[in-house]
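Peer 1: First the structure, which I've put down as structure tokens, then a few questions once you've had a look.
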Amino acid sequence: MTLWRAIVRAGPLLALLLAASPARAAAQHRFALIAGNDQGGADTRPLRFASEDARKVHAVLTQLGGVAPGDVTLLLNQSAGEFWRALGTLEARIAETRQHGERALFVLYYSGHAKDGELRLGESRIPLDALKARLASAPADIRIGVFDSCHSGAVTRTKGARRAPAFEIQAAGSEDTRGLVLLSSASADEDAQESDEIGGSYFSHYLVSGLRGDADRSRDRRVTLSEAYAYAYARTVADTAESAAGAQHPTFSYDFQGNADLVLTDFASRREGIYVPGFAPAGIYYIVDGNGFIAAEIQKSADGDRQIALPAGRYHVRRRLADRLRIGEIQIASGQLTTLDETRLRDAPFSDDPVKGALRDEGAHLSLSLGGTMQSFFDGPTRDSLFPSTGMLGLEFEVRDFFRHGVIWGLDLASGGTHGQVDRYGTMLPFRFSELTAGTTLAGEWRFHFGDMAVFAGVRLAAILMSRKFDDPTVPDQFFATFTPGVVAGVRYRLSRSFALLGRGRVHYLLYNVDENRSLGYWELSAGVAYDF
Amino acid sequence: MISRRMVAIALALIGAIGLGGCGNYSNEDLDFQLALPDQSDIAVKVQLSASRTDSAEYYLATRNAINTFNAMVVDLVALIDHVRGNSPTSRQGNRRIWGPFPSEIYPTWEIRVVMDRSTVSSALLHMDYWVQLRLIGQDDSTWVSFLVGAYTSQGSARTGQGDIRLLANDVRLAGYRIDDDPGLANLDNLHVTYNNAAYPMTVTMDIVNLPTATTKSGSYTYAQNQDGSGRMTFDWQGLTDTGVPITANMTSQWLGSGAGRSDLTADLTPNLTNQSTPLGTDCWGVDTVATYTYRRQGDTTTGFPDSCLF
């Protein structure tokens, strides 16, 4: 807020900005190449949201940015080779467009790792200088490069590059504007930071949120490049100022001929989203999507109304006060602008925050759970005389959000036993049944905002050792050991910052091959308590 | 990115690992193991009182006969105990095979146990089994049966009627050096039957020795009642020290308390014309001390005939 006000008070700068005659979104044929890559090679840790950021940018440009779905290429976790091929294809199409006399605008967005002057797409590399030169010579009239990666400010190191809260493009006409604009999420010596709470990188999140309408300071229901950048800059710096990595400063550079600000998104005609009337209380309203991520933010001032464009769907609304939350739901109908009625929000404690990870910005962490399991085979005769239903105690060690956000890798160990008996031609043979299992699970977790609940589902491979010892000493002990693949699904309910309740179901396949080959299945139901380190 | 090929390889790997299940966890194996006689199924289980220096002579003879019988049972059951204590080497429907294993005594030979199961009815189980020998490296047609058994359950898998034949002379003729075992040196064959499905539980053992042996044959019959009382007969046919053929019979009976009676008879006719002559009788009390004794030799009696319980 403070920074934004500082920008607002920078009268001459804003005056120039608002005086711009924006080039309308419909004035050009627009193309985009959007790439997100969570992997950066052997010496880097995987990013959690780079691909997700790319998806969000893709969504906002195709929904509001005038980029037709056929004119955009979305590359998720693809190599440098794929990137160059996609860029070449788009350049050819842009050149063809221009030959038909149309003006062309090209947006290149990248979210991922960067280091030592190179973008890192997995194990492959793209030299920043080469990409910048390629972008500078691209056949489009207007070329916009947006780089959300560590040290990405290196791309703007050139004449006119600035680390500043806003830039202005003088307006004297829009039809002949041509040139290059480069935006980076961080300075050349800074890391670009991600946030669990917003489910993305700070810069891309605010860029998208701004493009959806919250950056529309001119209230003309259009967001220009200048507005979007100024908004993203202010919010990124503000939100990262207190972080351990320190404040993150976006940068820009441009080389333009002609004068016209660029309208990136236009929602004047697209009346689908949320409208916050002027009388609603001031503050920041967070619009949370079904996955628990903040889809957009609305920075409501005391005297003005606000509007943002969002796709139809059900959203949660959160407004944070000093001592409590105000939360509620809003349904955006297709093609409808839905008014947010703040009075229909309800008071709630901070523990009910619907935002994913709101209680802890945990990132990758470890978890240990302890619980009880009931296991039973589906087949009745098998259950009655071969492998009886068994209770077990077990513990599971999980690596959460390490490989990728929402991905869980777990190792579990459980042991239990029961008494059973087998009837062989009238001879009842009582026995003591024992079981030991060790498994590994790979699961995805979706943190919904039904309180602090998350659901997860995945696959599991377990080694299982079952044995029985007969009461009759003349009958030898028996055992069976094998691997059993299965699926797992469950619910996790967070009780506090460190403790959570777990409910889990598993279904496994077991090939029994002693007497004959028999395909068997068994289920497990577990309940337990988890402790997050 | 995970390709379809990687997924296919992973699934194949999981499948292959799954096929690698191992163990002996089997209900059906139990049928085979329960069908084999345990020592307790065949042995004389009567708990006779401890002998004393003044125990009745025929009481001591009865104990010796029981001990000899039980020792033979131990040796016989030892041949098939391996089956009860271990998982079969191969399973083929209603057949289980243990081995072949190299003979510990003669490593050029190998031994296997084969069991076949057939279901008489939903409640009755029948098993046939063989302990077989052959020289290592020879084909399947050369297996020689050393022991042949059969068992039919009655009431439960564990109770029924059994039949075991030890074919010592067959393996002797096949070249196996069975005569190195002093206990088997003169044996032609041995036949045991048992019925433990209902009282009286019975066991018979018929021993046929080679014609060259001094003892031609012997047979035991044993019956045990639920109250602990029992009866055992031992028939013996052979040659006296002077080379005269002789048959003898000892019949012993006892109550659950241990008190009992034993009679010794023999055919003393030159050509064994089945004329049984009483040679002696002992009756004894719970303390195994004779209460009545008769001996043909010297025509002597001691004690009171009325003290005999049988």
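Derivation of every value follows stated rules applied to the coordinates shown; laboratory data play no part. As the structure is a computational prediction, the values presented were derived from the model and not from experiment. No Cβ is skipped: glycine too gets one built from the backbone with ideal geometry, and neighbour counts run over all protein chains shown.
Peer 1: Give me the dipole magnitude in Debye, nearest 20, for segment A:273-352 about the Cα centre, with unit charges on the beta carbon: positive for Lys and Arg, negative for Asp and Glu.
Peer 2: For segment A:273-352, the charge dipole is close to 80 debye.
Peer 1: Sticking with this one: Taking every alpha carbon pair in the protein assembly as shown, what does the distance histogram look like in 20 angstrom bins from 0, in percent?
Peer 2: 12, 28, 19, 14, 13, 10, 3, 0
Peer 1: Of the residues B:Thr212, B:Thr159, B:Thr293, which exhibits the maximal mean-square fluctuation in a Gaussian network model of chain B defined by a 10 Å Cα contact cut-off?
Peer 2: B:Thr212
Peer 1: When the dipole is taken about the Cα centre of the protein assembly as shown, and only Lys, Arg (+1) and Asp, Glu (-1) are charged at their Cβ, what size is it in debye, to the nearest 20?
Peer 2: Result for the protein assembly as shown is approximately 3520 debye, rounded to the nearest 20.
Peer 1: Per residue of segment B:182-192, in order, report the coupling 6.51 cos²θ - 1.76 cosθ + 1.60 (Karplus, θ = phi - 60°) as ³J(HN,Hα) in whole Hz, putting x for Gly and Pro.
Peer 2: Each residue's phi maps through the Karplus curve to give x, x, 10, 4, 9, 7, 8, 7, 9, 10, 10 Hz.
Peer 1: Shifting gears a bit: Please rank B:Cys308, A:Cys150, fewest neighbouring Cβ atoms within 10 Å first, as an exposure proxy. All intermediate terms of the calculation are to be shown ahead of the outcome.
Peer 2: Working: B:Cys308 19, A:Cys150 25.
Listed from fewest to most nearby Cβ atoms, that is B:Cys308, A:Cys150.
Peer 1: On to the next question. Using helices alone, I'd like the mean residue ellipticity at 222 nm for chain B: each DSSP H run of four-plus residues gives -39500 (n - 2.57), total over residue count, nearest 500.
Peer 2: Helix contribution divided over all residues of chain B: -6500 deg cm²/dmol.
Peer 1: Taking only Cα atoms and a 10 Å spring cutoff, compute GNM fluctuations for chain B and point out the largest among B:Asn274, B:Asn195, B:Asn209.
Peer 2: Among B:Asn274, B:Asn195, B:Asn209, the largest mean-square fluctuation in the Gaussian network model of chain B belongs to B:Asn274.
Peer 1: Still on this structure, please answer the following. Mind checking the dipole of segment B:176-310: about its Cα centre, +1 per Lys or Arg Cβ, -1 per Asp or Glu Cβ, Debye to the nearest 20?
Peer 2: Dipole about the Cα centre, nearest 20: 180 debye.
Peer 1: Placing +1 on the Cβ of each Lys and Arg and -1 on the Cβ of each Asp and Glu in chain B, which of B:Gln138, B:Ala248, B:Trp109 has its Cα farthest towards the positive end of the resulting dipole?
Peer 2: Farthest along the dipole direction, towards plus: B:Gln138.
Peer 1: Cross-chain or 8 or more residues apart, Cα under 26 Å: how many lysine pairs in the protein assembly as shown fit that? Count them up, please.
Peer 2: Eligible lysine pairs with Cα atoms under 26 Å apart amount to 8.
Peer 1: So, one more: Report, by chain and number, residues whose modeled amide H sits under 5 Å from the one on A:Leu262, excluding near sequence neighbours (fewer than 5 apart, same chain).
Peer 2: A:Ala23, A:Leu225, A:Ser226
Peer 1: Report, as an integer, the average count of C-beta atoms from other chains found within 10 Å of each Cβ along A:480-492. List each step's numbers first, then the result.
Peer 2: Numbers: counts 6, 5, 8, 9, 4, 7, 0, 0, 0, 0, 0, 0, 0.
Shielding by partners across A:480-492 averages 3.
Peer 1: Starting from the amide H of B:Leu187, placed 1.01 Å from N in the peptide plane, find each other amide H under 5 Å away whose residue is 5 or more places distant or on another chain.
Peer 2: Hits under the 5 Å cutoff: B:Leu210.
Peer 1: Which residue fluctuates most in the GNM of chain B (Cα springs below 10 Å): B:His82, B:His191, B:His126?
Peer 2: B:His82
Peer 1: In the protein assembly as shown, with Lys and Arg counted as +1 and Asp and Glu as -1 at Cβ, which of these residues, A:Val181, A:His113, A:Ala42, has the Cα nearest the positive end of the dipole, that is, farthest along it?
Peer 2: Towards the positive end, the residue furthest out is A:Val181.
Peer 1: Tally the DSSP beta bridges in the protein assembly as shown and give the antiparallel ones as a percent, rounded to 5.
Peer 2: 90
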